[in-house]
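One structure below.
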Amino acid sequence: MATIEDVARLAGVSTATVSRVINRLGPVLERKLLKYLMSEESIINLLDIFKTL
């Protein structure tokens, strides 16, 4: 399972930004939200691939 730190590093944002997105707290720019969603999906897809090896 990906950690908040993994998602933040891959998205190029802080862990605080990822936390705000997850918890829907405070202002988060649409661009940052999109980067977060893309990186979380990428992590999940990679983990699924590794499980099949």
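Here are a few things to note about the model shown:
- The residues of segment 21-30 that are modelled with pLDDT of 75 or more, surrounded by fewer than 17 Cβ atoms within 10 Å (Cβ to Cβ) and assigned to a helix (DSSP H, G or I), listed by number, are Ile22, Asn23.
- Listed by first and then second residue, the pairs linking a residue in segment 31-53 that is of a type in the set (Lys, Arg) to a residue that is surrounded by 10 or more Cβ atoms within 10 Å (Cβ to Cβ) and at pLDDT 75 or above, with Cβ atoms under 6 Å apart and 6 or more places separating them unless they lie on different chains, are Lys32/Val13; Lys32/Thr17; Lys35/Ala11.
- Residue under evaluation Val18, criteria (1) surrounded by fewer than 12 Cβ atoms within 10 Å (Cβ to Cβ); (2) modelled with pLDDT of 80 or more, criterion not met: (1)
The values are calculated or read from the model by the stated rules, or taken from the named source; none is laboratory data. Please read all numbers here as calculations on a predicted model, not as lab measurements. Heads up, the Cβs are rebuilt from the backbone with ideal geometry, glycines too, and the neighbour counts pull from every protein chain shown.
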